[in-house]
Each structure stands twice: as C-alpha cells, then as structure tokens.
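**Q** Below you'll find the structure I mean.
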Amino acid sequence: METTKSPLAVGLSAALANRRLAGALWAAMTATAVVAWLPLRTVSSALDQSPFRETVLRGWDSWAFLSGIAVKGPELASFGAALAFAVLVSLAVDLFLSMGTIRVLRAGVRRPVLRRLVADGASLFRPALWGFLRYVVGLVLWTGLLAAVPALLLSKLAGRDAPPNGPLATAAFWWAVVAGTVVFLNASARFALARIALARDDAPSARGAFRVSRQRLRGHRASAAGIVLFWLAAGLLVQALFTNLGVGLDPSTNGGVLGLVVLRQLGFVLLAATRVGFWGSFLSWEEGRRPKAAWALPHPAFASASPAATPAPATPAPVTPADGPAGAAAPLDGAGGPSREA
Amino acid sequence: MPKRAPRAPFLVLSALLLAPAPRSSALTAPRKIVDYNIQVELSPKEKLFTGNEILRWTNPSSERVGDLRFHLYWNAFRNDRSTFFKESGGRLRGDDADKDKGWGYIDVTSMSWDGKDLKPGLKFESPDDGNPDDRTVLSVALPRPVEPGETVELKIGWKAKAPRVFARAGYVRDFFMVGQWFPKIGVYEPAGMRRRPVSGWNCHQYHANSEFYADFGDYRVAITVPEAFVVGSAGALVSETKAGGKKTLVFEQRSIHDFAWTADPRYVVKEDVFDPAKDLPPDEVARAAKLLGRTEAQLREGFHPVKLRFYMQPDHVDQWTRYADAQKWALAWFGLYAFPYPYAQVSCIDPPEDGSGASGMEYQTLYTAGTWKALGRWPLDRVRFQEMVVIHEFGHGYWYGLLASNEFEESWMDEGINSFTEYEMMDRRYGSFIELPLGFRLPDEETGRVATIASRGIDPIIRKSWQYGGTYGLNSYQRPATVVNQLRRVMGEEAFWRAFRAYAERWRYDHPTSGDFFDALQAGTDRDLRPLVQATFYGTATVDYEVVSAVSRRREPFKGFDDRGNEVGFGNDSKKAEAKKAKGADREPYDSRVVIGRTGGIVLPVDVVLTFENGKSWRTTWDGKSGWLRLRTIYPSRLVKAEVDPDRRVVLDRDPWDNARYLEGWKGASAGRKASAYGLHMVQIILSTLWGLV
C-alpha cells in the first residue's frame, strides 16, 4: 500500500500519535537539564533570604539580577560548569535517543516505548556518535568552504579601504548567512538520513550511512532541507509561545509557580513531539526515495490507521546484514531489532 | 559614493538670525584668555594639514611670564616612544594603532612674536614623566617676559599629518576627524585659580588616559578642502568660497576652549532644531520646578532654539532620528538641571564603522557619536547605544566644555559627573539601557553601579589620569557616578538637585576643582558629607550592610521566686503552671533579637525595618557608626522579617543580597522557587534548542 500523505503530514501524525515517545524524549531532556539546574537552584534559593524576595515575586528586579552576577560569582561559575557538562551529556543523550526514536517509529509500536528506545539507542550509539563527529567535521568544512571563504574573498575584493557596509561587504554578509544556512540544512538532512540508514541497517557504519544519505539526497536536497526548516520553525514557534506565555503569567504565589512549571513542561513535551514529527517526516521522505524492491512494504509508522497491526516480536528478528546503499531495503526489524557495532 | 553639497551659508545665517539670541551673560565667558585665527588646508591624499595661526594670549596672572607652553597632541602618534604609546601600547578603547602606515605628527615650522623669530627658543618638555622622547609639550622661551595683563600676538606656522584613527583623531579612507590638531597653548594658572598656591603653567603631556584642559576664547577657523568634501565643524559657518576645485569654509565661535572639525565626502547631513516650546517635556519642567524650588517660568528662561546637525554615514542614515531624539532630551534636561545651553548650534558626527576610534568623543559645540548598521536592526535595536552615546558625549559639553574642569588631573569631574547625568537622563527618558528579550530591562545606572560594587578598590577616585593602577575607567566613570548618586541619596532629592544646579551655574566657564564640587554640595545640606567624600574620592573604602542574625521565639514563662518569696512555675506552683500551659493561658509574647552589621570604611545612616507576623512593622534609623546594632523587642506577634536599607538608599552596598532575613512564619511565597522555575526553563531552552539543531 503506497502512502499518499506528504512527509510533513506523516510527521505531524507521528508527532500526535506517539505521545509516549514524546514524553520519553521530554523526560530525558529534562533529566539532563536538572544536572545544570541544581547549582542554579543554590543561587535562586538565596533569594528567599534576600531583600529581593518580594520584588522578584512581583516581577522583574534588574538589581537582583545585576548584583547577583556581581556577588554570586562562585555559584554562577558552578552553574556555568554544570551547564557545559549538561550540554555535553544532553548531546550524547540526544544521539542515543534519536536512534531509538527512529527504530520505535519504524516499528510503529506505541508501547512499551522506553525499553525499545533504550535498547535500540544503545545498540546504535557508537555508529551514531561517529556519525555525529562526521557531521560536525563536515559542517565546519563546508561552512568554511562555501560560506566563510567566499564571504572573505568578497570582503578582500572590496579592499581595505572600502567603506563599511558597501555593496561587496553587504553581499559578503548575506552570502555568509544564506550559504551558511543552506550548508547547515543540507548537513542536518544528511546526518538525519545517515542515522536513518543506520537504524534501517542500510549501512553497517557511519561512513556507509553517510554514503547512503548522499544517494538519498541526490536530486532532492531542497525538499529534505524544507523538512529540517519546517520542524525547526515548528519548534521555535512552540518555544516562543510557551516562553512568552510563562513570562506573561509572572506568578507570585507558590501555586502559581507550580502552575507555570507544569505549563512550561507541557511546552517542552510539545517541543519533544516536534522532534518525533521531524523523524516521522524524514522516515517517510526517505521511504519514498528508497530503491523500490518488489516486496517492499509500507513502513508501519506511516500506516498510522492500524498501529497495532505490527506487534513487536517477542524475540529479536534474525539479523539480515544490509548490503549497503544499493542493497535492497532491510526487512522491517521491529523493536527488538538487531544490535550493531560500528 | 553618495555626496552632498554643503548647505548654502545664507541658510545657516538665516536660521541663526531667526533664533532668539541667547542671553549674552550665558553666551560669553567672563574671561577671555585666548583668541585663535587659524587657516588650514587639508591634502586628503597625503593626510596632511598645512596651517598657520595667529594666537593672541593674555597673561592672566599678576606675574611676568617668561616662557610659553604649547600642546602638540598629534606627536603622541609620532612614534612608539611617545608617552601616549608607551602607556597605551597602541591600543585605546579596543581600537589598535596602525603601526605600519598610521603614524602622525605635528611640526611647528615657524613661530614669531612682534617679528622676532621664536624658533631658536623652542624645546620639548615632559613635565609628567620626564620621557625624553615625548614631543607633545613644546616650551617657547620668549625674548622678554609677558607683563601681567599683557596680550601677546604670536604667528605660528605648522604642518601635521593625521594618524590613522584609533584614538579620537585621525583618518580612515576619506574620513577625517580633526581634534586637538593645532599648536594649542597650555593654561597659565594664576595663584588661586583651581586652588593652586603659586602661578604656573598647566600643560600636561598627551597620556593614554588623559583628555583635555584649556582656556576659553574666541575662534575663527578657515578650512580649505577639496570641493567634494562635506565639512562639519564647531562654531557657525560664516562664509564659503570656492576656487580651483577647492573650497574654503570659515567658522566662528565665541567662548569655547576647544575647536574640532571633520571632513568626509560621504556625509549625509540631517538637520533639526531644538525648539523649547515643543521639546521641553512639561512633566519634566514641573518636576524640575518642584525639585529646584523655582517657578516653571523661571526655568524656561534662557532656553532658545538650537540648530542641530547630524553628519551621518550613508549606511547609518536611518538611525539619525534616534540621535535627534536623544539630543533634544539632553538639551532639555541640562537646561533644567544645570543651565540652558548657551550656544546656537550643536553638531553630532557619526564616524564610519572602521573609524570607530573616533567615535564617542566630546569637543565643544560638536561631538562624535557612533553606531553600527546592525544596531539599527532587530534584535540589537533593543540596546539604546545610540541614545546613550549622544547623551553622554553631549553631556561632556557641559562638564569638560562649559565648566571646563581639568581632565588631565581630575578626570572624574568630567567623566564621573557626566556618567551620573547620563544615567539619570537615560533612565528617566528610556527606562533602561538594554531591553533583554521578554521585557527584562537593565537600567543604565545599575549597569554602572554593578561595576562599582564588583570592583576591588586599589585607587581613590581623585588621581591624575596617568597615575591610576589600571583603574582609570572605573574611577573616572562608574565609581564616581555611583558615589555622586550616593551623595544624592544622603542629601535628599531637593537639596541635591538645588546644590547641583547651583554648582553648574556658579562654575560655568570657571574651571572648578573637586573641592568646588564638594563645597557646592555641602552648602546645600546640613549633613556632613566630608566623611563619605574622604572615604571614596580620596580613599578606597567600601561598605556592606547586612542582617547578621535574626531570631524570634516565645519568651519563657516566669520561673523562680517572686519578690514575696513565692515559688512560681516550679515546686508548689508547678501543677498550676502545667494547668495553665495545658489551657494555653501561658502565652508569653515573642522575644525577637536582630543584629545588623556594617563592614567597610564607609559610614552611612540606614533604616532598619522589623516586620511581624500580624503585619505590623517597626522602622528605625541607625547611624551606622558603631559597626553593629542589636535590636531586641518583646512583642505579642512573631518577628518574620528583618531588613536593613529597605529603600535601597545605600547604592554603594557591596552585597545587597545579605540585607534581609526572613523567619519562620513569613506568609509570602518563595521567590527562590520562582527564579528556580525560570532557571530550569532557561536550561531546557538551551538543551532543547541543541536537540533541535542536531
């Protein structure tokens, strides 16, 4: 059965349907946030024994903020270190969970989610990590080559004595912005597709997965970039909406603060849902660009009308080594799919 | 390249004629010591200035003066042996010198008095540091001394090359900022002037951190440039002639002590007028009248229209209205709280982004602002940099300009007082300097104050500008501004502003010293300001008030023998006491004890407020002298909060976070939880954004 939905529609359906998955992603992100938040709590709890207690409850107190920077230096330094650590941990968790997310979506099974998420994430973490390094190196390289170097050349062309913000300088700036964005979108799409290739056993390693992703992207870069852009925008929208709403509420009671926390976490769950949507869209997009095999079946994640139609196998499916990018699609591997090493 | 022809002279003249004349007493300096008549020609390609000047100088002292001293400021850029270069390392305010082709100089080619050649008597001096390689102060031995009150007329020829701009003056491409550019005579201070015991020259070298000081006089300057150049200058344009592809513009200005100009073919000139009838905000006039104890009509007296010119870079033209708005507000504010601006015009120069070393600099009737294209666009347009720089640099026109303090020796009197007035103007007009996302604002005053409380005092505020141990900026700008703010809070609003205006009016055109400022404030209050002044301006003291401890518990019921020898609460009475306790009839009042402490050498009176569970509060004022204060109260209600300085009057408090203590029984919500919730949200935003991008 061919899916008639567009990848974005499939992504939206996946985002709405896989609530448990979104919840698991939110929980993981929040857990890593707590690592950085704990030292910050030391600073903020000092507010309750300070002259800023009542003013902060009434709203913004700029002097509490500025003097806090001046007198709470060591505490804020601890927070900075914890934040840096949390960012690293969070990055690893994201890579870990993204692989599990793809597998869970491919399996099309909504529960139990956590076990699958962790098991699949663990099995594919190493190649995903290599893939990430490849992505970072590629991003830096291509940004340098396609965005920075031409912009620099344009600036050089303008000469040292060119007035600031002249036509060439402006062109250089916009070139850097546009080319940088294009490079980022392309690199993101490639990394996403590489992770899908790994999850689908199209390639045994990060290198092979990137090769597969290049083949998938060939001739279809714009639509892939569009997906990245769409879900980035959706995430930004959700974040802006809930942040503004939260600041607007500005609670001054303990109950109000609790309500605010709940409201904001709802926002972050929605944000996690956009990640699910992102992967749903990309899986669908990728499905449409796979070499067609006579026996290929539609992916369960896209057949959202019958989610229970593909129950998780009680035992892992037999491992079918993938033959690389040109090979036929791997069998639907289900939640307990093969473990792989890079 | 966009070019703009200069305005016809008649337009300028007619504008000036139409404007009501300012009161002559305000416009004219009472003492005219110098009179400059300068002709200068700019060769843009070579960055050369060829000039000659006729300088009339009057000996203001009662002694004969046998030599003259001149500033040759551009010799600071002559080589890397100058005092300026040694001190700055060729870097100022983040801008680097071009050590390849960017050097500059000024050479006196001729000097004569009454036909006598003075060149043989010229020599360089280094009165501040003895640097034999510094060429920024020139001494001229005279063939005969100048008699007291005598006016000499010197003819001076000179040639100068502009440095590539990184420190106030110089060029970049075809942009020229021409400040401190001609041989300028130093100040001969008679005994008594600026409290000096004996007469003598005050003519310092050009230092990395020093700015300027000069005598008032009249200037007539004829500037010759290629026709394509747009010239902005101090003073009013009185004539313009063109010949051979060049044009000569003549500017005149009375009662100034500094003359700067600029030339750039790319300038786009925008004009506006400050009209007191519509640009004086009525609510501010009413506020000033109340604070100063004057009628609104009295305050409006002396205001007159002021012609405003904005010399904009083409890529910044869309930002000129922000400059103009701030300029008008500054003219209104200074007119109310100091005195009305006496001159007929003011010019705001917008340097190019690659000439930012020229930005943010004050001269008289002209100053440089500065912006970037990006600052006019979202989200950076939430930073009110343009407004701040206009208000700050125009403000210098009062402190360095019209009062003319000595910036070499007492930099705080210009920068510090000016930062104080900048904070006041910015926050009254715009509410904040920076508006962070989601409406979080940072007031200008607090951004300066935080620098003060975060610093470790290693220098007093009053120091010669080249003698600070790396704290010139802090002790010239933020710290004195915050201390003046503290003085204001000690004196009270009305007393402070009346004394402030009295200071400005008294010392207009008269070169005040730090002592004159303190005397003016002291005259306005019964409170003794000297200890605070001594501790901060002449010392490095700080202060921190805190609630050291606060406890509140029920007083124990009486136990022991009473005066008649009866046992109370024990022995025979113990059963009764237990019965009373069981009935709850033994409710004793609360015994509350609070200790307030002060550390640091600054002593300021502070209020202390104790708040009780029943909502009542008790306030007292502590003079702060003893170092600590213990308060004890027996009261039926439990103490739930103790706070020192609840109205935040001690702006110098190094750690305001320890100024309150909340006790059990406080009914309010937890601010910590709220901030913590926001903190968690912030971290989540960072992490989820990361997830969205990878």
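**Q** Divide, for the protein assembly as shown, the radius of gyration over alpha carbons by 2.2 N^0.38 Å, where N is the residue count.
**A** Cα Rg divided by the expected 2.2 N^0.38 Å: 1.19.
**Q** Name the residue from B:Phe49, B:Ala214, B:Val137 whose Cα lies farthest towards the positive end of the charge dipole of the range B:31-215, charges +1 on Cβ of Lys and Arg and -1 on Cβ of Asp and Glu.
**A** B:Phe49
**Q** Mind jotting down the distance between the C-alpha centroids of the range B:464-499 and the range B:115-188, whole Å?
**A** When both Cα centres are located, 33 Å separates them.
**Q** Next question. Sort largest first and round to whole Å: the equivalent ellipsoid semi-axes of the range B:31-215, each the square root of five times a Cα gyration tensor eigenvalue.
**A** 29, 19, 14
**Q** Right, next: Please tell me the relative contact order of chain B in percent, rounded to the nearest whole number, where contacts are Cα pairs under 8 Å and at least six residues apart.
**A** 10
**Q** Let me ask something additional. Return the lysines within reach of B:Lys581: Cα separation strictly under 26 angstrom, same-chain partners fewer than 8 residues apart disregarded; answer none if there are no such residues.
**A** By straight Cα distance, B:Lys581 reaches B:Lys559.
**Q** Once the whole set of protein chains is in place, how much accessible area is left on B:Tyr267, using a 1.4 Å probe, in Å² to the nearest 10?
**A** 0
**Q** In whole percent, what relative contact order does the range B:31-215 give with Cα contacts below 8 Å and a gap of six or more residues?
**A** With pairs under 8 Å counted, the relative contact order is 31 percent.
**Q** Any idea what angle helix B:320-337 forms with the longest principal axis of chain B, computed on alpha-carbon atoms, 0 to 90 degrees, nearest 10?
**A** Roughly 70 degrees, rounded to the nearest 10.
**Q** Once you wrap a convex hull around the alpha carbon atoms of the range A:1-122, what is its projected area averaged over all directions, in nm²?
**A** 10.8
**Q** Pop the C-beta distance of B:Val238 and A:Arg115 into the FRET formula with R0 = 60 Å and round what comes out to the nearest 0.05.
**A** Computed FRET efficiency for B:Val238 and A:Arg115: 0.10.
**Q** Follow-up. Determine the relative contact order of the range B:199-266: mean sequence separation of Cα pairs under 8 Å and six or more apart, normalised by residue count, in whole percent.
**A** Relative contact order, the range B:199-266: 38 percent.
**Q** Sticking with this one: Taking the mean number of other Cβ atoms within 10 Å as a proxy for protection, how do you rank B:346-352, B:636-642, A:63-69 from highest to lowest?
**A** B:346-352, B:636-642, A:63-69
**Q** Then there's this: Treat every Asp and Glu Cβ in the range B:159-268 as -1 and every Lys and Arg Cβ as +1, leave all other atoms uncharged, and give the resulting dipole magnitude about the Cα centre to the nearest 20 debye.
**A** 260
**Q** Take the residue pairs B:Lys184/B:Lys270; B:Lys307/B:Lys328; B:Lys119/B:Lys184; B:Lys625/B:Lys667 and return only those whose Cα atoms are more than 22 Å apart.
**A** Among B:Lys184/B:Lys270; B:Lys307/B:Lys328; B:Lys119/B:Lys184; B:Lys625/B:Lys667, the Cα-Cα distance tops 22 Å for B:Lys184/B:Lys270; B:Lys625/B:Lys667.
**Q** Any idea how far the Cα center of the range B:260-332 sits from the one of the range B:73-103, in Å?
**A** Distance between centres, Cα-based: 35 Å.
**Q** Can you tell me the Rg and Dmax of the range A:7-291, counting just the alpha carbons, in angstroms?
**A** For the range A:7-291, the Cα radius of gyration and maximum Cα-Cα distance read 22.4, 67 Å.
**Q** Here is a follow-up. Per residue of B:444-456, count partner chain C-beta atoms within 10 Å of its C-beta, then hand back the mean as an integer.
**A** 3
**Q** Just tell me how shielded A:56-67 is by partners: mean number of partner chain Cβ atoms within 10 Å of each residue's Cβ, no decimals.
**A** Mean number of neighbouring Cβ atoms from other chains: 6.
**Q** Work out the length of the dipole vector of chain B about its Cα centre, built from +1 on the beta-carbon of each Lys and Arg and -1 on the beta-carbon of each Asp and Glu, and round it to the nearest 20 debye.
**A** Value, rounded to 20: 1380 debye.
**Q** Can you give the Kirkwood hydrodynamic radius of chain B from its Cα pairs, in Å with one decimal?
**A** This gives a value of 28.5 Å.
**Q** Let me ask something else about it. Note the angle between two axes, namely the Cα long axis of helix B:385-396 and the longest principal axis of the Cα atoms of chain B, as a number of degrees from 0 to 90, rounded to the nearest 10.
**A** It is inclined by approximately 70 degrees.
**Q** Based solely on C-alpha atoms, express the radius of gyration and the Dmax of the range B:406-541 in angstrom.
**A** 15.0, 47
**Q** Please list 3J(HN,Hα) in residue order for the range A:54-70, calculated via the Karplus relation 6.51 cos²θ - 1.76 cosθ + 1.60 where θ = phi - 60°; whole Hz, with x for glycine and proline.
**A** Per-residue couplings from phi come out as 6, 5, 5, 5, 6, x, 7, 10, 5, 6, 4, 5, 5, 5, x, 4, 6 Hz.
**Q** Which value, in debye to the nearest 20, gives the size of the charge dipole of the range B:544-673 about its Cα centre, when Lys and Arg are +1 and Asp and Glu are -1 at the Cβ?
**A** In debye, rounded to 20, the range B:544-673 gives about 460.
**Q** Sticking with this structure for a sec: PRE reach from A:Val89 (point 7 Å along Cα→Cβ): which of the range A:12-50 fall under 18 Å by backbone N?
**A** The answer is A:24-43, whose backbone nitrogens lie closer than 18 Å to the label point.
**Q** May I pose another question? Calculate, for B:Arg56 and B:Arg91, the FRET efficiency according to 1/(1 + (r/R0)^6) with r their C-beta to C-beta distance and R0 35 Å; round to the nearest 0.05.
**A** E between B:Arg56 and B:Arg91, to the nearest 0.05, is 0.35.
**Q** To the nearest Å, what is the center-to-center distance of the range B:670-694 and the range A:216-265, using C-alpha atoms only?
**A** Cα centroid of the range B:670-694 versus Cα centroid of the range A:216-265: 12 Å apart.
**Q** So if R0 is 35 Å, what FRET efficiency would B:Arg555 and A:Trp60 give, r being the distance between their Cβ atoms, rounded to the nearest 0.05?
**A** 0.25
**Q** Taking only the alpha carbons of the range B:414-488, what extent do you get along each of the three principal axes, in Å, biggest first?
**A** The principal-axis extents, from largest down, are 43, 21, 20 Å.
**Q** Where a Cα-Cα gap under 14 Å defines reach, which aspartates and glutamates qualify for B:Lys123, not counting those fewer than 8 residues away within the same chain?
**A** Partners within reach: B:Asp67, B:Asp107, B:Asp133, B:Asp134.
**Q** Any aspartates and glutamates with Cα under 18 Å of the B:Lys576 Cα? List them, leaving off those in the same chain fewer than 8 positions away.
**A** B:Glu556, B:Asp562, B:Glu567, B:Asp586, B:Glu588
**Q** How far is helix B:493-506 tilted off the main Cα axis of chain B, in degrees rounded to 10, range 0 to 90?
**A** So the inclination is approximately 20 degrees.
**Q** Now for a different question. Can you pull the Kirkwood radius for the range A:133-241, inverse mean 1/r over Cα pairs, to one decimal in Å?
**A** 15.6
The values are calculated or read from the model by the stated rules, or taken from the named source; none is laboratory data. Everything numeric in this text was worked out from a predicted model, so none of it was measured. Don't worry about glycine lacking a Cβ; one is built from the backbone with ideal geometry, like all the others, and counts go over all protein chains shown. Calculation scope for accessible area: heavy atoms of the full protein, side chains included, ligands and nucleic acids excluded. Shrake-Rupley method; radii C 1.70, N 1.55, O 1.52, S 1.80 Å.
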